[in-house]
Each structure stands twice: as structure tokens, then as C-alpha cells.
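Please read the structure below before turning to the comments.
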Amino acid sequence: MKTNSVKDLMVPLADYATVTEDASLFDVVQALATAQERFNHSKYPHRAVIVLGKNGKIAGKVGQLDVLRALEPKYSEMLERQGLAKFGFSRTFMKSLLTNYHLWDSPLKDICIKGASIPVSKVLTPPSEGELIEENDTLDEAIHQLVLGRHQSLLVMKEEIVTGVLRLSDVFEAFSKIIGQCPIK
């Protein structure tokens, strides 16, 4: 395999969608759209935006699900009270929650106002230690972190500065190509 380190597969931070801490969800959606237009279309699309703090360091990231959850504030109440975040439930039960909590009663009403008024700082997820990896770490180490942490991406560091994002989709694609070339009959 030609790619041996995390740096070989990472998306440089300059090529990734970013916003500042004082941005809104509207800004997040715009940044993601702009990054998609600039990004190599033969690659998988970005699914998150990196949020930069006032000091230029990473404050966190906001993913597609984070945006959708924020547009329906009742999810916070429901998930806190019910503790449902990590459990699988039947379709009937999930539909009953939709009805009982009156979720998405008017999903598109004032969506622009909602998107512009929700600060990204209330939605972002700060990176955990398990989501950080060094540029020169091996792909074996990266896969280990991705699998055990169930992460979609890792923030790539060099001397305590984030230099890029290693996405699960890119790692999977690289390994899929290798497997596809195996001389197995």
C-alpha cells in the first residue's frame, strides 16, 4: 500500500469547510456547499464543518445531523429526558415520539430565520481526545481509533495544530481498492 501515514489520506484543513465560532447554522450550510463545489468530485462529499475558535484553534465540528437536530429544538428535550441517543428502537416507537413530541409540525416555516438565528457555538461538538491523531501516525492506528470510537473522521494534528481531517470514507475507499486488487479466485 502506497499510503502509510495518516497524512497521506487526510484532507488538508485548507480544503475543508470551516466557519468561526460566531457563525450561524446558515453559515455552516453555506460553508459546506462552498466546500463541496471546490472539492474533488471524485471523492466522497464532506459531511461536517470544522468550527474555528477565536484563537484560530479548533473549537469543534458540526455535522449534518447536528444541523437537523438544531432546527427542531424539541430533540434536545426529548433526548435528555428519554436518554435515547445510543439505543435502537422500533419504527413504531420512533414514530410515536414524532407524534407525542409534535416534532417537525412545521419544518420549513421560518427555516431561514431559524438557521440564521441559531449560533454554531450551541451546536458544535468539541473534539474528544479520541478524535485527534498525529499526521505521522500509521493508518493502522487511525483505523483502530475510527473503529473503537465509532468516528466518521479524526482531526489530524502536527505539533498541537490541526492540519487536516482524516475521513472514514477515504480510509475505506483506499482499503477497498486494495482488496479489489487481491488475486483471489
Across the range 157-185, what is the total count of residues that are over 28 Å from Ala59 (Cα atoms) and either open to solvent by 60 Å² or more (accessible area, probe 1.4 Å) or in a loop (DSSP other than H, G, I, E, B) (or both)? 10
Scan the range 133-152 and tell me whether some residue there is open to solvent by less than 30 Å² (accessible area, probe 1.4 Å) and modelled with pLDDT under 75. no
Do we have Ala70 as of a type in the set (A, V, I, L, M), under 15 Å from Val162 (Cα atoms) and either open to solvent by 20 Å² or more (accessible area, probe 1.4 Å) or in a helix (DSSP H, G or I) (or both) here? no
Which one of Leu97, Leu84 is open to solvent by less than 50 Å² (accessible area, probe 1.4 Å), modelled with pLDDT under 80, over 24 Å from Ala31 (Cα atoms) and part of a loop (DSSP other than H, G, I, E, B)? Leu84
In the range 43-58, how many are in contact with a helix residue (DSSP H, G or I) (Cβ under 9 Å, 6 or more places away or on another chain) and open to solvent by less than 20 Å² (accessible area, probe 1.4 Å)? 5
Scanning the range 4-38 for residues that are open to solvent by 30 Å² or more (accessible area, probe 1.4 Å), part of a loop (DSSP other than H, G, I, E, B) and modelled with pLDDT under 90 gives Asn4
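The values are calculated or read from the model by the stated rules, or taken from the named source; none is laboratory data. Here the structure is a predicted model, which means the values were calculated and not measured. Quick reminder, even Gly has a Cβ in these numbers, built from the backbone with ideal geometry, and neighbours come from all protein chains shown. The area values use the complete protein model at the heavy-atom level, side chains included, leaving out ligands, DNA and RNA. Shrake-Rupley method; radii C 1.70, N 1.55, O 1.52, S 1.80 Å.
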